[in-house]
Amino acid sequence: ERMRSAVTRTRESLSTTLGTVVALTREVDDASLDDLEFALLASDIGAPTTNEIIGRLRDRALRQGIASGAELRELLKAEILRILTSVAKPVYAPSNPPEVVMMVGVNGTGKTTTSGKLAALYRREGRSVLLCAADTFRAAAIEQLEVWSQRSGVDLIKTKQGGDPSAALFDAASAAKARATEILLVDTAGRLHTKADLMKELDKMVRTSDKVVPGSPHQTLLVIDATTGQNGLQQARLFTEAAKVTGIVLTKLDGTAKGGIVVAIAHELGLPVRYVGIGEKIEDIIEFDPVAFTESLLG
Ligand code: GDP
C-alpha cells in the first residue's frame with residue numbers, strides 16, 4: 001500500500017500513454033510499441049533499459065503476436081520483474097555480531113536521513129543498533145545524526161567535524177564488537193572532489209572496518225536520490241567504481257514521476273534496490289519488493 005502511494009506520480013505519468021496502449025483491443029503493432037517506448041523513457045527508465053524491454057516485446061510481437069493492450073501490459077510487467085529479480089541477491093549476514101552496514105553516496109541524496117530511518121526500522125524489529133557519524137565533512141551531518149539517534153533511541157559514536165572518518169569508524173566498530181551490537185550503521189561523507197580522493201577515503205574506511213570486524217563491511221548501500229533521475233545514475237556509477245557497493249537505497253521516491261529509475265538501476269548497475277525512501281519522517285522507509293513495485297507501477 002505504501003509502495004503504491006510512493007509510485008503514484010510515476011504510475012500516473014505512465015498511465016496516460018499506457019492507458020491508450022492498454023485500451024487497444026486489436027493486435028499490438030509498431031506504432032503502439034513506439035508509444036510505449038515513449039512512456040517508458042518519460043518515466044526515466046532510461047534508453048538502454050527501454051531498448052532492452054521494447055526489443056524483447058517487439059521480438060515477441062513478431063514471433064507470436066501480442067493480441068491486445070491487456071496482454072502487452074502483462075508482458076511489460078513480466079519484463080520489468082525479470083530485470084528486477086535478475087539482480088536480487090540474498091543479504092549476507094555474518095555469524096558473529098556486528099553486521100557493518102556502510103552508507104555511501106553524493107551529499108544531499110539522503111544518507112544521514114536514511115541512516116536514522118534504518119536505525120529506527122531495525123530497532124522496531126527488535127535488533128540492537130549502533131550509529132556511527134563518519135560524515136565529518138558536511139557541517140551539520142553529525143548534529144543531524146545526533147537528532148536521529150535520539151529519535152530512534154540508538155547510541156551514536158562520533159568524532160568532531162573535520163576529524164578522520166576512519167577514526168570514528170574504528171571507535172564505533174570496536175564499541176559494536178565489545179557490546180555485541182547486531183548492526184552498526186555508518187554514515188559516510190559524500191564529498192566528490194575526484195574519484196581518486198573518494199576511493200582513497202572509502203578504501204581506508206573499508207580497511208579500518210575489516211581490521212576491527214574481519215570480513216566487514218558486510219553491506220555497502222549506495223544512496224541515490226530518485227528525483228535526480230538519470231543524473232543520479234551517472235553519479236552512482238562513480239561510487240560503484242570506488243567501492244564494493246552491494247545494494248541501493250532509492251530516496252525521495254515520494255513526489256517524483258521518475259520511479260522508472262528503479263528498473264534502470266537494476267539493469268544498468270546490476271545492483272538490487274534494498275530500500276526505498278518515501279518521505280522525511282522516521283518511518284518513511286520501506287524494504288523494496290520487486291513484485292509489489294511492479295504491481296504498484298502497472299497493476
Ligand atoms: P545527505 O547529505 O546524503 O546525508 O542527505 P540528508 O540525509 O541530509 O538529506 C537531504 C534532504 O533530503 C533532507 O532535507 C531530507 O529530509 C531529504 N530526504 C531524505 N530522504 C527523503 C525521502 O525519502 N523523501 C523526501 N521527500 N525527502 C527526503
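The values are calculated or read from the model by the stated rules, or taken from the named source; none is laboratory data. Note that the structure is a prediction, hence the values are computed from the model and not measured. Note that each Cβ is placed from the backbone with ideal geometry, even for glycine, and that neighbours are counted across all protein chains shown. Ligands, DNA and RNA are excluded from the accessible area calculation, which covers all protein heavy atoms including side chains. Shrake-Rupley method; radii C 1.70, N 1.55, O 1.52, S 1.80 Å.
Points worth noting:
- Residue, nearest to VAL7 (Cα to Cα), within the stretch 246-284, restricted to residues that are within 8 Å of the ligand (Cβ to nearest atom) and charged (D, E, K, R): ASP254
- Subset of the stretch 235-256 (residues that are surrounded by fewer than 20 Cβ atoms within 10 Å (Cβ to Cβ) and of a type in the set (S, T, N, Q)): GLN235, THR240, THR246
- LYS117 meets the conditions (1) over 15 Å from PRO98 (Cβ atoms); (2) open to solvent by 40 Å² or more (accessible area, probe 1.4 Å); (3) in a helix (DSSP H, G or I); (4) of a type outside the set (S, T, N, Q) in every case but one. The failed one is (2).
- In the stretch 4-54, the residues that are in contact with a helix residue (DSSP H, G or I) (Cβ under 8 Å, 6 or more places away or on another chain), open to solvent by 10 Å² or more (accessible area, probe 1.4 Å) and small (Gly, Ala, Ser): SER13, ALA23, ALA42, ALA47
- Residues that are under 18 Å from ILE157 (Cα atoms) and without any contact (Cβ under 8 Å) to a residue 24 or more places away in the chain within the stretch 174-209 comprise just one, ALA178.
- Of everything listed in (1) outside any loop (DSSP other than H, G, I, E, B); (2) more than 13 Å from the ligand (Cβ to nearest atom); (3) over 18 Å from THR246 (Cβ atoms), the single unmet condition for VAL101 is (3).
- Hits in the stretch 84-101 - residues which are open to solvent by less than 70 Å² (accessible area, probe 1.4 Å) and of a type in the set (D, E, K, R): GLU99
- Some residue of the stretch 138-155 being in a loop (DSSP other than H, G, I, E, B), more than 13 Å from the ligand (Cβ to nearest atom) and in contact (Cβ under 8 Å) with a residue 24 or more places away in the chain: yes
- Contact annotation: residue pairs with Cβ atoms under 8 Å, 6 or more positions apart or on different chains, pairing a residue in the stretch 261-277 that is open to solvent by 30 Å² or more (accessible area, probe 1.4 Å) with a partner that is of a type in the set (Asp, Glu) and assigned to a strand (DSSP E or B), are ARG274/GLU287.
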